[in-house]
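The values are calculated or read from the model by the stated rules, or taken from the named source; none is laboratory data. Nothing here was measured: the structure is a model prediction, and the numbers come from that model. Using ideal geometry, Cβ is built from the backbone for each residue, glycine included, and neighbour counts are taken over all protein chains shown.
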């Protein structure tokens, strides 16, 4: 009759079948502490958090809400809110192409009536905006894996061709 000792690989003996006693019997408490630390770090927001960039000028207030730091491959929501004291006949938002370079645009709500590229800027025109009304533009993006360190660029609000207000935006990207 063949026993397990006859078919066991070299170096495996009866001691390998004995139950482990003491600290080695369970997972190390160090692994639990490391895992707990990673969870706390994620919950703290130190590695990724959102920010508002705010600018005013030409009777227009602009607020951009987006992550200041994000990781490769993640999705992000980029929100632009415009409030104007005067009516805007052709409200337009210009985004430096460098800000969204190597990012995939998944959704834009509302969709622009006209899209164009002007002097390295992606320009999106919308329906007229009444005086005192707020306009919210929501863009869902995904960070492509080849971004290192992040992107930065300028976001500008226009009424037709007239520049009203602009601000610099930067999004850091971690590997």
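Do we have residue 167 as out of contact with any helix residue (DSSP H, G or I) (no Cβ under 8 Å at 6 or more places or on another chain), in a strand (DSSP E or B) and exposed (fewer than 12 other Cβ atoms within 10 Å of the Cβ) here?
It is false that residue 167 is out of contact with any helix residue (DSSP H, G or I) (no Cβ under 8 Å at 6 or more places or on another chain), in a strand (DSSP E or B) and exposed (fewer than 12 other Cβ atoms within 10 Å of the Cβ).
So residue 152 fits all but one of (1) buried (at least 18 other Cβ atoms within 10 Å of the Cβ); (2) under 18 Å from residue 54 (Cβ atoms); (3) under 17 Å from the mean Cα position of the chain (by Cα); what number is the exception?
Against the list (1) buried (at least 18 other Cβ atoms within 10 Å of the Cβ); (2) under 18 Å from residue 54 (Cβ atoms); (3) under 17 Å from the mean Cα position of the chain (by Cα), residue 152 comes up short only on (1).
Taking the residues in segment 137-149 that are surrounded by 13 or more Cβ atoms within 10 Å (Cβ to Cβ) and in a strand (DSSP E or B) as candidates, determine which candidate is farthest from the chain's Cα centre (by Cα).
137
Give me the pairs: first residue in segment 18-41 and modelled with pLDDT under 75, second residue assigned to a helix (DSSP H, G or I), beta-carbon distance under 9 Å, and six or more apart or on different chains, which are they?
What qualifies is 19/25; 23/29.
Please give the strands (runs of 3 or more DSSP E) falling wholly within segment 80-129 in which 1 or more residues are more than 19 Å from residue 168 (Cβ to Cβ) and free of Cβ contacts under 8 Å to residues at least 12 places away in the same chain.
114-118
Would you say residue 153 is over 30 Å from residue 42 (Cα atoms) and in contact (Cβ under 8 Å) with a residue 24 or more places away in the chain?
Considered against the rule, which asks whether it is over 30 Å from residue 42 (Cα atoms) and in contact (Cβ under 8 Å) with a residue 24 or more places away in the chain, residue 153 comes out as no.
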